[in-house]
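Just below is one structure, and these are the notes that go with it.
The values are calculated or read from the model by the stated rules, or taken from the named source; none is laboratory data. None of these values were measured; they are calculated from a predicted model. So basically every Cβ, Gly included, is an ideal-geometry build from the backbone, and we count neighbours across all protein chains shown.
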Amino acid sequence: MSRGTKARALIINPVWDTGGNGTGCRSNTRWPHIRKDKYLLFPIYLAYAAAVLEREGVKVTVIDAVAEEMGLSQLVERVKSEEPDYCFVESSTPTIDQDLASARMIKEATNGKVFLIGAHPTVFHKELMGANPWLDGVVRGEFELAMKEIACGLGYPLIQGLTYREGTEVKANPDRSPVENLDELPFPAWHQFDLKKYESHLYVTPSAMVIPTRGCPFQCTYCLWPQVLYGHRQRRRTANNVCDEIEMLIGLYGVRHIRFDDDTFALNKQYVIECCEEMIRRGLHEKVTWNCFGHITQPDPEMYELMARAGCTKIAVGVESGSEKILRHISKQIDLDKAQQVVRNCRKAGIEIYCDFMIGFPYETEQDIRRSMELAIELDPDYIQVSYAVPYPGTKMHKEGVEKGFLKYPADWEKYSSCETMIDTGSINAQRLEEMYVEFWRKFYLRPSFIIRNAKKALSSADNMRKVSRGALSFFNRFMRQ
């Protein structure tokens with residue numbers, strides 16, 4: 001190590017050069033993508049890793065090159081000036097080639113050890129190590145504790161979840177079990193970031209992100225994180241621990257809104273009740289509002305009413321398709337009748353609801369997509385998101401695509417940025433699917449009833465005026481400049 005017994009570590013969200021096509025969203029996103037407007041999720045798992053290393057006395061700095069709009073040469077110079085012993089470089093499928101180039105330049109410019117983290121390196125750890133002899137290792141899966149052990153000097157053979165090099169031989173240690181007691185993790189190192197760079201027009205500001213749970217019990221074939229990073233069992237922090245963090249965020253940063261960004265917070269009724277009751281007991285519902293992800297299988301009106309009293313203003317749920325055929329094929333275990341109940345019960349409780357849809361699934365027809373459009377309008381949520389189905393490596397959908405040949409770009413990784421169709425559906429060509437993608441957005445958001453509802457919302461408060469105006473501008477830039 002370069003400074004006595006104290007290691008110097010960098011955690012890096014590297015440059016994503018989109019060629020002028022927008023902003024690349026890599027860190028803390030379940031679907032790495034390029035978007036025309038700049039909105040970045042807070043890289044909270046990098047912040048957790050930084051906090052874990054700080055607690056062990058490691059001198060750590062997080063560099064978010066995307067948020068700071070760095071070029072590659074700027075990033076390399078910044079890293080070089082830090083004189084790191086260890087560099088942990090986040091990577092994703094659409095950016096893997098760029099990330100390898102960045103990591104190699106970092107390696108050549110410093111004397112530090114360079115490791116990749118993230119879903120794509122987890123899946124292809126042996127291949128990446130074999131093809132890049134300069135690379136020191138890959139941290140697979142949930143990465144905080146393995147990063148801590150590396151930076152604290154534990155011998156590589158003893159570190160679970162690490163693929164490393166011993167001479168010319170690549171060795172892969174056994175997988176690391178997920179962190180069982182999430183309360184034992186320190187709170188994220190927010191002080192490492194300029195939190196204003198991650199603000200969204202969708203939320204009251206200042207806002208912050210909190211992760212109450214990790215892992216998702218469902219088996220959707222397209223979903224990356226449960227299959228590669230965080231597992232299919234929901235692990236939960238205690239309500240006390242979650243509320244301690246919220247109180248700290250209010251005290252340190254004056255936070256007025258919390259985004260719960262775990263996969264399915266509003267799933268286990270008893271857990272949600274415990275968290276909501278603790279928020280109310282501490283009076284947090286009078287200081288912050290919050291939003292979360294839920295699930296279409298949980299329509300319980302009592303739960304939503306309590307969530308609203310505790311300060312919840314918005315819930316996002318994944319509907320994905322209005323076609324029963326497609327839902328069966330992607331193992332999306334939902335009942336479309338329950339979807340109606342969830343929307344109705346959220347609206348009755350005064351909670352806005354946000355429904356996610358995808359198109360371009362294997363074997364999908366135009367009729368299937370029409371059913372999704374019709375369902376979106378029938379459900380009439382406050383907002384929708386529409387995206388292309390992307391079969392990321394490590395998912396069941398990608399494996400099926402390799403076996404059955406419906407992947408349009410089996411290993412052209414840059415294409416996996418959610419900007420175009422990725423799957424040969426068998427009946428819809430790429431141009432037509434792109435037309436239907438734009439039509440889906442326009443069909444929902446240009447309805448007179450939606451426009452009137454949002455105009456009334458905009459007039460109700462200054463915060464709502466800002467939110468509606470920025471949302472309308474984002475929609476115009478993405479879907480009206482065609």
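Taken together, SER427, SER449, SER387 contain a single residue that is in a loop (DSSP other than H, G, I, E, B) and of a type in the set (Ser, Thr, Tyr), which is SER427.
Determine if segment 70-85 includes at least one residue that is surrounded by 24 or more Cβ atoms within 10 Å (Cβ to Cβ) and either in the same structural domain as SER418 (by TED's automatic domain parsing) or aromatic (Phe, Trp, Tyr) (or both). Walk me through it before giving the result.
If we filter segment 70-85 for residues that are surrounded by 24 or more Cβ atoms within 10 Å (Cβ to Cβ), which is where we start, we get 79, 84.
From what's left, either in the same structural domain as SER418 (by TED's automatic domain parsing) or aromatic (Phe, Trp, Tyr) (or both): none.
Within segment 70-85 (the criterion being surrounded by 24 or more Cβ atoms within 10 Å (Cβ to Cβ) and either in the same structural domain as SER418 (by TED's automatic domain parsing) or aromatic (Phe, Trp, Tyr) (or both)), the answer is no, since none of the residues qualifies.
Select, from LEU252, LEU229, LEU224, the only residue that is farther than 19 Å from CYS275 by Cα, buried (at least 22 other Cβ atoms within 10 Å of the Cβ) and assigned by TED's automatic domain parsing to the domain that holds HIS295. Before the answer, list the steps.
On the way: LEU252 fails: buried (at least 22 other Cβ atoms within 10 Å of the Cβ); LEU229 fails: buried (at least 22 other Cβ atoms within 10 Å of the Cβ).
Of LEU252, LEU229, LEU224, the one residue that is farther than 19 Å from CYS275 by Cα, buried (at least 22 other Cβ atoms within 10 Å of the Cβ) and assigned by TED's automatic domain parsing to the domain that holds HIS295 is LEU224.
Per the conditions (1) crowded, with 22+ Cβ neighbours inside 10 Å; (2) under 19 Å from VAL139 (Cα atoms), the sole criterion not satisfied by PHE42 is (2).
If only residues of segment 119-152 that are of a type in the set (Gly, Ala, Ser) and free of Cβ contacts under 8 Å to residues at least 40 places away in the same chain are counted, the one that is farthest from PRO226 (Cα to Cα) is ALA131.
So is LYS325 over 21 Å from the mean Cα position of the chain (by Cα) and either at pLDDT 95 or above or not assigned by TED's automatic domain parsing to the domain that holds VAL242 (or both) or not? I'd like the intermediate steps shown before the answer.
Working: over 21 Å from the mean Cα position of the chain (by Cα): yes; either at pLDDT 95 or above or not assigned by TED's automatic domain parsing to the domain that holds VAL242 (or both): yes.
Taking the combined requirement at face value, the residue satisfies it.
Within this structure, GLY141 passes the test of being touching a Pro at 6+ places or on another chain (Cβ under 9 Å) and either of a type in the set (Gly, Ala, Ser) or not in a strand (DSSP E or B) (or both).
Taking strands (runs of 3 or more DSSP E) that do not extend beyond segment 280-379, which have at least 2 residues that are within 23 Å of GLU435 (Cα to Cα)?
Numbers: elements: 289-293, 312-320, 352-359.
Hits in segment 280-379: 312-320, 352-359.
Conditions (1) out of contact with any strand residue (DSSP E or B) (no Cβ under 7 Å at 6 or more places or on another chain); (2) over 25 Å from GLY471 (Cβ atoms); (3) among the charged types (D, E, K, R), marked per residue:
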{"site": "PRO362", "(1), (2), (3)": "no, yes, no"}
{"site": "THR365", "(1), (2), (3)": "yes, yes, no"}
{"site": "LEU379", "(1), (2), (3)": "no, no, no"}
{"site": "VAL386", "(1), (2), (3)": "no, no, no"}
{"site": "PRO391", "(1), (2), (3)": "no, yes, no"}
{"site": "LYS399", "(1), (2), (3)": "yes, yes, yes"}
{"site": "LYS404", "(1), (2), (3)": "yes, yes, yes"}
{"site": "ALA411", "(1), (2), (3)": "yes, yes, no"}
